[in-house]
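The structure appears right after this line, and notes come after that.
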Amino acid sequence: MIRVKVCGITTAEDAGVAVAAGADALGFIFVEGTPRYVAPAAAARIIAELPAFVTAVGVFWDHPAGHVKAVAEECRLGALQFHGDEPAEALAEHRVPAIKTIKLAREGDLARMDAYRDATIMLDSPARWSEGEARAPISWELARAAAARRPVILSAGLNPDNVANAVRAVRPYAVDVNSGVEARPGRKDADKVARFVAAARAAASDSA
């Protein structure tokens, strides 16, 4: 069964929406100055109320290892997502499972996956993070080539209307959504979240 991560959670209400829809993981962005940044103390309060088997993922971007460790401990994160230029050895410093984002624009980018053999790979766009506008999806053909090599999380430009086609085309291990299920930057739309999760799961069942 495909896994679904809803990223950019900033409130307990939105966490509840994602959990009710059946999300397997929630993403909390600790990158200061971005539209969906959440302070560690606020995230910790939300995460403390999550049910068992819902994974809290902290998103970082070239942060010092000490900062990452401190936030992971304060928030009791279940996984760490590294979105910058972190080398493989930096990920290995942490005991929490790691996700490494590979920004996929051309076939040559696939080779970057090889350096991160101990991390789960997330495929994302090289475009800057959305501030509310729709993002263009990455090449699903390239993403399928990546998924043929190892399990991947597919991200970038996904929404309730295209996620089924994306799942059928790429056959990823998981999908990740942020702005595609928002009512406005930093706040989720309950109907979009529910439709996204349902569409991803149905497509994965069809492709099994």
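Across the stretch 3-207, Cα pairs under 8 Å and at least six residues apart give a relative contact order of 20 percent. The Cα atoms of the stretch 138-181 give a gyration tensor whose axes a ≥ b ≥ c have a/c of 1.5 or more with a/b greater than b/c, which makes the shape prolate.
Once the convex hull of all Cα atoms in the chain is built, its volume per residue stands at 106 Å³.
Hey, what's the per residue convex hull volume over the C-alpha atoms of the stretch 1-41, in cubic angstrom?
Here the figure is 69 Å³ per residue.
Relative to the Cα centre, the charge distribution of the chain, modelled as +1 at Lys and Arg Cβ and -1 at Asp and Glu Cβ, gives a dipole magnitude of about 460 debye.
Largest first, the three principal axis extents of the alpha carbons in the stretch 93-191 are 37, 32, 22 Å in whole numbers. The residues His67, His83, His94, when put in order of fewest to most other Cβ atoms within 10 Å, stand as His67, His94, His83. Close amide H contacts of Val31 (hydrogens built in the peptide plane, cut-off under 5 Å, sequence separation of 5 or more or a different chain): Val38.
Placing unit charges on each Cβ (+1 for Lys and Arg, -1 for Asp and Glu) gives the chain a dipole about its Cα centre, and among Ala42, Asn165, Ile9 the Cα reaching farthest toward its positive end belongs to Asn165. For Ala134 and Met1, the FRET efficiency from 1/(1 + (r/R0)^6), where r spans their Cβ atoms and R0 equals 22 Å, is about 0.20. Where the convex hull is taken over the Cα atoms of the stretch 65-146, what is its projected area averaged over directions, in nm²? Hull-based average projected area comes out at 6.3 nm². Bridge orientation summary for the chain: considering DSSP beta bridges with both residues in this region, about 5 percent are antiparallel.
Relative intensity of the stretch 77-116 on a log10 scale, I(q)/I(0) at q = 0.18, 0.22 Å⁻¹, equals -0.51, -0.71, per a Debye sum over C-alpha point scatterers of equal strength in the absence of solvent. Taking K and R as +1 and D and E as -1, what net charge do the other residues with C-beta under 15 Å from the C-beta of Ala23 add up to? Summing Lys and Arg as +1 and Asp and Glu as -1 gives -2. Rounded to the nearest Å, what's the spacing between the alpha carbon centres of the stretch 1-54 and the stretch 65-84? Just the number, please. Spelled out, the Cα-based centre of one part sits 14 Å from the other.
Backbone amide hydrogens, once placed in the peptide plane, bring Val152 within less than 5 Å of Tyr173, Ala174, excluding anything fewer than 5 places away on its chain.
Here, each number is a calculation from the coordinates, and none is a lab measurement. Values in this document were obtained by computation on a predicted structure and should not be read as measured data. Reconstructed Cβ throughout: ideal geometry from the backbone, glycine too, with neighbour counts over all protein chains shown.
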